1. Under Stokes-Einstein, with the Kirkwood radius over Cα pairs standing in for Rh, what whole-number D in µm²/s applies to region 192-308 at 20 °C and 1.002 mPa s?
2. So if we plug the beta-carbon distance of K41 and Y200 into 1/(1 + (r/R0)^6) with R0 = 25 Å, what FRET efficiency do we get, rounded to 0.05?
3. What is the calculated FRET efficiency for E21 to E78, with r their C-beta to C-beta distance and R₀ = 30 Å, to the nearest 0.05?
4. Among I306, M6, I26, whose Cα lies farthest out toward the positive end of the dipole of the chain, if unit charges sit on the beta carbon of Lys, Arg (+1) and Asp, Glu (-1)?
5. Please list 3J(HN,Hα) in residue order for region 188-200, calculated via the Karplus relation 6.51 cos²θ - 1.76 cosθ + 1.60 where θ = phi - 60°; whole Hz, with x for glycine and proline.
6. Using 1/(1 + (r/R0)^6) with R0 = 41 angstrom and r between the beta carbons of K64 and L153, what's the FRET efficiency to the nearest 0.05?
7. Near the amide H of T285, under 5 Å away, which other amide H atoms are found, from residues 5 or more places off or on another chain, if H is placed in the peptide plane?
8. Counting only DSSP beta bridges with both residues in the chain, what percent are antiparallel, rounded to the nearest 5?
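Where a number appears in this text, it was derived from the coordinates with a stated rule and is not lab data. Since the model is a prediction, treat every value here as computed from it, not as a measurement. Neighbour counts are summed over all protein chains in view; Cβ atoms, including those assigned to glycine, are modelled from backbone coordinates with ideal geometry.
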Amino acid sequence: MRIVFMGTPDFAVPSLKLLIETGYEIVAVVTQPDRPKGRKKTLTPPPVKEAALSLGLPVLQPEKMRSPEAVAELATYEPDLIVTAAYGQILPKALLQIPRLGCINVHGSLLPKYRGGAPIQRSIINGESSTGVTIMYMAEGLDTGDMISRVELPILDEDTSGTMFEKLSLAGAKLLGETLPEIIEGRAVAVPQNNDEATYAPNLSREDERLVWNKSARELFNQVRGLSPMAGAFTQLGDEVFKVWACQVLAQKTGNNSKDEPGTIVDSGAQGIVVQTGQGTLLLTSIQPAGKRVMDAAEWVKGARIEAGTRFTAGGLQ
């Protein structure tokens, strides 16, 4: 059983390690090219590359997996099966046809909901109470292939994208280990997705990170934790960007009866910064003022001069 593994971020590492620990033959690992990272733009290898090299596995890093040269190179490894997990590129038909057992994907959502590149973040931002992992056969479309198996996990209020990435990566690896024997032995049952129920989770943009204060406290809370600890949510204080990394819902209302405009700081102290929203109030607990490190909001409050009526804005949006 010759397997080619394709993946890029931390999410994919447990699945790769599971394959090795279970005794499967990994003939090659395909991942994205090294990318500049951080303020110094240091060229940094993806986590899957680091894991593969530590395991002594050959690594391929084509810029475009759709190129005929990349497909031809992968074909030389003669895989029986291709396993992908958050690889980051759509695979061409010519590549999908190479392995005799097909190509399968470990996807971080309960398909057909949240097809696309940011299913975990989007599920939290949208206030879902649960999510999961689906193992599916790959097709030419975006996460449209037949489903083989899946597992559901709750999303708790204390969860962020970071905690759910870890939970789902481990659950996905476990599910992969349980599903592979069914595929290899020809016992796997492929279930078509109901396209009428499909939703999409495109990669996050800068606008997705912007806090618009006339939303409800609950919506803003979900947005902040859905963006943490990766990009972070941001607002503006005066002319400067002000990031919010963690918060709590203090009060939820069906309407905003406060005389304060959404975004107004209504209280600050040892707990943090209390902000009026479109519905209810939000307590900011971990923040990052422009040019400063991430810190407890209560720490920032001690040295900040917060005048009555100070208001966060959304940079032209309300």
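1. Values: Rh = 15.1 Å.
It comes out at roughly 142 µm²/s.
2. Numbers: r = 31 Å, r/R0 = 1.24.
The calculated FRET efficiency here is 0.20.
3. Numbers: r = 23 Å, r/R0 = 0.78.
The computed FRET efficiency comes out at 0.80.
4. Towards the positive end, the residue furthest out is I306.
5. Those phi angles translate into 5, 9, 8, 10, x, 7, 8, 5, 5, 9, 6, 10, 10 Hz.
6. Working: r = 33 Å, r/R0 = 0.82.
Result of the calculation: an efficiency of 0.75.
7. When sequence neighbours closer than 5 places are left aside, the close amide H contacts are A246, C247, Q248.
8. Around 70 percent of the beta bridges assigned by DSSP in the chain are antiparallel ones.
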